[in-house]
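The block underneath contains the structure these notes are about, expressed in structure tokens.
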Amino acid sequence: MTTTQETAPAPEREEIITGCDAVAQALRLLDVDVLAGYPIRPYDSVMTAVSKMIADGQMDAEFIVAESEHSQFEIGKHASLVGARAFIGSSGVGWMYGMEALVVTASLRLPVVALVGNRALDDPGAFGVEHNDAMMVRDTGWLLYWVESAQEALDTTLLAYRVAEDKRVMLPCALSMDGAFLTHSQHMVRVPVADTVSAFVPPYELGDRRFHPDNPVSIAPQFNEDWVMEARRQSDAGMRRARAVIAEATADFHRVFGRGPADPFVDSYRMEDAEYVLMGMGTVGMVGKVAVDRMRAAGKKVGFLRVKWFRPFPQPELRALLRGVKGVGVVDRDYSFGSNSHGGVLYTEVAAALYPEPRRPVLVPFIAGLGGREVSVDNLLEMEETVERATADGVADLTCQWIGVRGPDSDPRDVAATAEGGVR
Amino acid sequence: MSDETSVGAVDVTYRGIFQKNLAGVITKELVKAARREDKVGGTVQRYGDSPERNGIPAKQFAVIADDMDSLRVEMTKYEPENVVVVCVMDDTLTKGVESWAWYGVRPINVNLAPGGTLLVVSHRSPEELLHWIPRRTYDWTLAILPGEPSFGGLWVYNDDGTDYRTMGAVSRVTGGLISLDSLIAQAGSAKNPDLRAAQLREGYESVQMHPIAAGVGAQDTYVPVEMPDWTQMREGLVVPAVEVGKNNTLFMKYTTRTTRPLVKFDTCVKCQICYTVCPDECFIPTPEGHYDVNYEHCCGCGICAQSCPVSGCIEMVDESVFESNEPLHKVFESDPAAYEDLRAEKVAQAGGANPHYGIY
């Protein structure tokens, strides 16, 4: 991707760091004021990285280790309320434990940024990635982003503060990162310098909402039915405006750093003339691209589409990019038991996004990689073949297939499932 | 119930917690009795009043309809319409109703349908009650059911017959929204059917009705709360703070009060305890070190009287003997003897200070 550069490319140094380290570097460069933490794997690597930087004198910030995630998130919320740039984070059930505080952070329109090191929800106690944890705030006014690489983690942390703190948006932003596959894997990352970062992200200004003795205000009084709907509509307006702000910020990222993503909302790989497409979020994009390269080498017209911003959901991009595509396989690293076609959350969102299209591709739901199970290139090749077959057969509504699970597609002991046709 | 509409509501306005069971019995029994007349009904608790606090004005409605569709429409409202009678279970509620939603102090008769009846349980005269009740633009009826306000303890049902006497009075003042016979028949399934029937008849017969013409009553100063649209509201659920030394004009609390603290300023030792303990910051320091009372924001909790170290200095006195929320220290300033006369007169008028008020 090339863009017009108004300034010389900023000096950057290269380091081999994990996804969590990359976020920590961004927090240092952003001069974040208050970091609240409570340890849980795999997000807590960012706590380790930040506390080391503070101890080494590389970073000047309040680092508060709370007694629980609920308190941690409340600390972040209140810090943001008094005008401090704040950071929080968690994983799995830790994120869930603080849910009330997360919800009020969004309804108070406070631009806290969070890292969710995606982790399977208990039980069973497992450390591996599932996207359900971060998904739990998807309807509450949180901006949500899934990153694929450590570089993207660093860059998106900068973007997250810029977008969240924009007066037109003022919503919190959670950055999701696949547990283990990105939180604990090291990539070569270009780390910019603080001056460049401060040119990209202006100081945080809460304006006349700042909670301060010089600005006597009351926050979040008891509202009843005559007021709540208007408050919700305000959050909705902020989320609607976020699309333009994200596009503007991403363009500005190119200008300041001399590099950056081609599309702010989705990562489209070899989509130009694709007849079949696989979709997913997070590190599945890495193997997805390899699978596409192999299939292209074999003469198949296949592309990969990675959703980056999940809130706001990239409906215009998906409609445009999937127009004319024959079949699409949606790979969910999450579950939504009992939902449409028994697919995951991304599948349901994509299906809804495409509904206004006069001609829609065949859409095939897959669930893969739960609990940190690896999703291999072969898995993706298998999914693409299923999509092609479903398209050729004209199957309009395939029940979701689980990829990489031990056992048959349906339970042979389950008569009802067999009578329904089950899954192939 | 008027001819045009097939649905009518009975509003029972009561003191939160102390009269909750009272309101529940009245509304539910009215609905059950109406079923004996092939009518349908349900009750609606004013949701904004929940959870209740001690003494705060609260409402429960009985909705009586001829058909299910009319009932369904009313049952999905916070406050059902066509209120043909408002039962006021404590006469100090005539000062108005301020629930804990942001509506300000609303007149006790704000939702009364034209031609409807305000039924007050009281020993006061119509003239005394009209002192607080705002005028309407239509004719209405002030009905008085002689009686004391029936207060239970915390959530306790005070079985003194006020509920059944009120139901009997409702039948009478509505001209048979529910007939006395149906109420008596319904009471047949109660534990003491004869006692209940007697109470129903007593209420039916003892209620006194006084027609009130349009324009008669206190000045109506109620202004509905301004409701900005979503583009006008400040974002992030931010509202301006109440300035130091001032009180919230949108939440005054005085309608919760049934007794008020009356201060015998000449015995005050200026210890500041009332000023310190008042949960609503209602004590205003005077230049000579006394503490005047802001009666607009006093909810009558009695903590000041409980805490005052001087016997007889702060006494809780029945609210209904007072005519306004004006602070009283200025009377003391201009003439201490006249103030003492006024204070003694009010205490006497109220039948003495309430010695047990505010035990918590």
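I'd like the residue in region B:36-53 that is more than 23 Å from residue B:117 (Cβ to Cβ) and open to solvent by 10 Å² or more (accessible area, probe 1.4 Å) and, out of all such residues, is farthest from the other protein chains (Cβ to nearest Cβ).
Keep residues of region B:36-53 that are more than 23 Å from residue B:117 (Cβ to Cβ), which gives B:38, B:47-48, B:50-53.
If we keep only those that are open to solvent by 10 Å² or more (accessible area, probe 1.4 Å) as well, we get B:38, B:47, B:50-53.
Working: B:38: 34, B:47: 8, B:50: 11, B:51: 11, B:52: 14, B:53: 12 Å.
It comes out as B:38.
For region A:393-424, name all the residues that are modelled with pLDDT of 95 or more and open to solvent by 80 Å² or more (accessible area, probe 1.4 Å).
Matches in region A:393-424: A:402, A:406.
Answer yes or no as to whether residue A:356 is assigned by TED's automatic domain parsing to the domain that holds residue A:401, outside any helix (DSSP H, G or I), open to solvent by less than 30 Å² (accessible area, probe 1.4 Å) and touching a helix residue (DSSP H, G or I) at 6+ places or on another chain (Cβ under 8 Å). Before you say what the answer is, go through the steps one by one.
On the way: assigned by TED's automatic domain parsing to the domain that holds residue A:401: yes; outside any helix (DSSP H, G or I): yes; open to solvent by less than 30 Å² (accessible area, probe 1.4 Å): no; touching a helix residue (DSSP H, G or I) at 6+ places or on another chain (Cβ under 8 Å): yes.
No; evaluated as a whole, the condition is false for this residue.
Quick check: anything in region A:284-307 assigned to a loop (DSSP other than H, G, I, E, B), away from chain B (no Cβ under 14 Å) and not small (Gly, Ala, Ser)? Walk me through how you get there before you give the answer.
Residues of region A:284-307 assigned to a loop (DSSP other than H, G, I, E, B): A:298-301.
The next check asks that each one be away from chain B (no Cβ under 14 Å); those that pass are A:298-301.
Narrowing the set further to residues that are not small (Gly, Ala, Ser) leaves A:300-301.
For region A:284-307, residues assigned to a loop (DSSP other than H, G, I, E, B), away from chain B (no Cβ under 14 Å) and not small (Gly, Ala, Ser): present.
Need pairs with beta-carbon distance below 6 Å; first residue assigned by TED's automatic domain parsing to the domain that holds residue A:331 and within region A:395-414, second open to solvent by less than 40 Å² (accessible area, probe 1.4 Å) and not hydrophobic (A, V, I, L, M, F, W, C); sequence gap 6+ or separate chains.
From region A:395-414, the pairs are A:399/A:341; A:400/A:341; A:400/A:343; A:400/A:365; A:403/A:379; A:404/A:379; A:410/A:422.
Would you confirm whether or not region B:139-148 contains a residue that is open to solvent by 50 Å² or more (accessible area, probe 1.4 Å) and under 17 Å from the mean Cα position of the chain (by Cα)? Steps first, please.
The initial filter retains those residues of region B:139-148 that are open to solvent by 50 Å² or more (accessible area, probe 1.4 Å), namely B:139, B:148.
Now drop any that are not under 17 Å from the mean Cα position of the chain (by Cα), which leaves B:148.
Checked region B:139-148: at least one residue is open to solvent by 50 Å² or more (accessible area, probe 1.4 Å) and under 17 Å from the mean Cα position of the chain (by Cα).
So that you can scan it fast, the table gives a plain yes or no per residue for (1) assigned to a strand (DSSP E or B); (2) within 14 Å of another protein chain (Cβ to nearest Cβ); (3) open to solvent by 50 Å² or more (accessible area, probe 1.4 Å):
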position: B:13; (1), (2), (3): yes, no, no
position: B:24; (1), (2), (3): no, no, no
position: B:28; (1), (2), (3): no, no, yes
position: B:55; (1), (2), (3): no, no, no
position: B:62; (1), (2), (3): yes, no, no
position: B:85; (1), (2), (3): yes, no, no
position: B:94; (1), (2), (3): no, no, no
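Conditions (1) more than 10 Å from the chain's Cα centre (by Cα); (2) away from every other protein chain (no Cβ under 14 Å), marked per residue:
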site: A:144; (1), (2): no, yes
site: A:149; (1), (2): yes, yes
site: A:157; (1), (2): yes, yes
site: A:166; (1), (2): yes, no
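Would you check which residues across region B:119-138 are without any contact (Cβ under 8 Å) to a residue 60 or more places away in the chain and not in a loop (DSSP other than H, G, I, E, B) and list them?
Matches in region B:119-138: B:120, B:121, B:127, B:129.
Might you let me know whether region B:145-162 holds any residue that is in contact (Cβ under 8 Å) with a residue 12 or more places away in the chain and closer than 15 Å to residue B:209 by Cβ?
Yes, region B:145-162 contains a residue that is in contact (Cβ under 8 Å) with a residue 12 or more places away in the chain and closer than 15 Å to residue B:209 by Cβ.
Kindly indicate which of B:240, B:279 is open to solvent by 30 Å² or more (accessible area, probe 1.4 Å) and over 29 Å from the mean Cα position of the chain (by Cα).
B:240
Would you confirm whether or not region A:195-203 contains a residue that is over 25 Å from the mean Cα position of the chain (by Cα) and away from every other protein chain (no Cβ under 14 Å)? Quick ask: steps written out before the conclusion?
So in region A:195-203, the residues over 25 Å from the mean Cα position of the chain (by Cα) come out as A:195.
Adding the requirement that they be away from every other protein chain (no Cβ under 14 Å) leaves A:195.
Yes, because at least one residue in region A:195-203 is over 25 Å from the mean Cα position of the chain (by Cα) and away from every other protein chain (no Cβ under 14 Å).
Return yes or no: is residue A:104 open to solvent by 10 Å² or more (accessible area, probe 1.4 Å), more than 14 Å from chain B (Cβ to nearest Cβ) and part of a helix (DSSP H, G or I)? Quick ask: steps written out before the conclusion?
On the way: open to solvent by 10 Å² or more (accessible area, probe 1.4 Å): yes; more than 14 Å from chain B (Cβ to nearest Cβ): no; part of a helix (DSSP H, G or I): yes.
Criteria not met by residue A:104.
Kindly provide the set of residues from region A:49-75 that are among the acidic types (Asp, Glu) and over 17 Å from residue A:115 (Cα atoms), ordered by number. Can you show your working first?
Going through region A:49-75, the residues among the acidic types (Asp, Glu) turn out to be A:56, A:60, A:62, A:67, A:69, A:74.
Result: A:56, A:60, A:62, A:67.
Taking the conditions exactly as written (more than 14 Å from residue B:327 (Cβ to Cβ) and either within 14 Å of chain A (Cβ to nearest Cβ) or not aromatic (Phe, Trp, Tyr) (or both)), does residue B:277 satisfy them or not? I'd like the intermediate steps shown before the answer.
Numbers: more than 14 Å from residue B:327 (Cβ to Cβ): yes; either within 14 Å of chain A (Cβ to nearest Cβ) or not aromatic (Phe, Trp, Tyr) (or both): yes.
Criteria met by residue B:277.
To keep it simple, each residue is scored yes or no on (1) surrounded by 17 or more Cβ atoms within 10 Å (Cβ to Cβ); (2) at the interface with chain B (Cβ under 10 Å from one of its Cβ atoms); (3) of a type outside the set (A, V, I, L, M, F, W, C).
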{"site": "A:225", "(1), (2), (3)": "no, yes, yes"}
{"site": "A:230", "(1), (2), (3)": "no, yes, yes"}
{"site": "A:246", "(1), (2), (3)": "yes, no, no"}
{"site": "A:257", "(1), (2), (3)": "yes, no, no"}
{"site": "A:268", "(1), (2), (3)": "yes, no, yes"}
{"site": "A:276", "(1), (2), (3)": "yes, no, yes"}
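For region A:205-219, how many residues meet the condition of being open to solvent by 50 Å² or more (accessible area, probe 1.4 Å), within 13 Å of chain B (Cβ to nearest Cβ) and not in a helix (DSSP H, G or I)? Give the steps one after another, and end with the answer.
First pass over region A:205-219, keeping only residues open to solvent by 50 Å² or more (accessible area, probe 1.4 Å): A:205, A:208, A:210-214, A:216.
Okay, now just the ones that are also within 13 Å of chain B (Cβ to nearest Cβ), so A:208, A:210-214, A:216.
Add one more test, that the residue is not in a helix (DSSP H, G or I), and what stays is A:210-214, A:216.
So the answer is 6.
With the condition being at pLDDT 95 or above and open to solvent by 10 Å² or more (accessible area, probe 1.4 Å), I'd like the strands (runs of 3 or more DSSP E) fully within region A:129-204 carrying at least 2 qualifying residues.
Values: elements: A:143-146, A:173-178, A:186-192.
Because the criterion is at least 2 residues that are at pLDDT 95 or above and open to solvent by 10 Å² or more (accessible area, probe 1.4 Å), the strands (runs of 3 or more DSSP E) in region A:129-204 that meet it are A:186-192.
Could you list, in sequence order, all residues of region A:367-389 that are touching a residue at least 24 places away in the same chain (Cβ under 8 Å) and within 13 Å of residue A:277 (Cα to Cα)? Working first, answer last.
Just the residues of region A:367-389 that are touching a residue at least 24 places away in the same chain (Cβ under 8 Å), to begin with: A:367-377, A:379-381, A:383-384, A:386-388.
Selection gives A:380, A:381, A:383, A:384, A:386, A:387, A:388.
Go through (1) at positive phi; (2) more than 17 Å from the chain's Cα centre (by Cα); (3) of a type in the set (Gly, Ala, Ser) for residue A:84 and report which single condition fails.
For residue A:84, the exception is condition (1).
Filter region B:199-237 for residues that are in contact (Cβ under 8 Å) with a residue 60 or more places away in the chain and at positive phi; which is nearest to the other protein chains (Cβ to nearest Cβ)? Don't jump to the end; show me each part of the working.
If we filter region B:199-237 for residues that are in contact (Cβ under 8 Å) with a residue 60 or more places away in the chain, which is where we start, we get B:206-225.
Now narrow it down to the ones that are at positive phi: B:215, B:217.
Working: B:215: 30, B:217: 27 Å.
Ranking the qualifying residues of region B:199-237, first place goes to B:217.
Residue-by-condition table, conditions (1) of a type outside the set (A, V, I, L, M, F, W, C); (2) not assigned by TED's automatic domain parsing to the domain that holds residue B:132:
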residue: B:203; (1), (2): yes, no
residue: B:241; (1), (2): no, yes
residue: B:248; (1), (2): yes, yes
residue: B:267; (1), (2): yes, yes
residue: B:271; (1), (2): no, yes
residue: B:274; (1), (2): no, yes
residue: B:277; (1), (2): no, yes
residue: B:282; (1), (2): no, yes
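Considering only residues of region B:110-129 that are more than 11 Å from the chain's Cα centre (by Cα) and open to solvent by less than 10 Å² (accessible area, probe 1.4 Å), which is nearest to the other protein chains (Cβ to nearest Cβ)?
Applying the first criterion (more than 11 Å from the chain's Cα centre (by Cα)) to region B:110-129 yields B:110-119, B:122-129.
Going one step further and asking which of them are open to solvent by less than 10 Å² (accessible area, probe 1.4 Å), we end up with B:112, B:116-119, B:122, B:129.
Values: B:112: 21, B:116: 25, B:117: 28, B:118: 25, B:119: 27, B:122: 30, B:129: 30 Å.
That would be B:112.
The values are calculated or read from the model by the stated rules, or taken from the named source; none is laboratory data. Because the structure is predicted, anything quoted here is derived from the model rather than measured. Methodologically, a virtual Cβ is constructed for each residue, glycine included, from the backbone with ideal geometry; neighbour enumeration extends over all protein chains shown. Please note that ligands, DNA and RNA were not included when accessible areas were found on the heavy atoms of the full protein model with its side chains. Shrake-Rupley method; radii C 1.70, N 1.55, O 1.52, S 1.80 Å.
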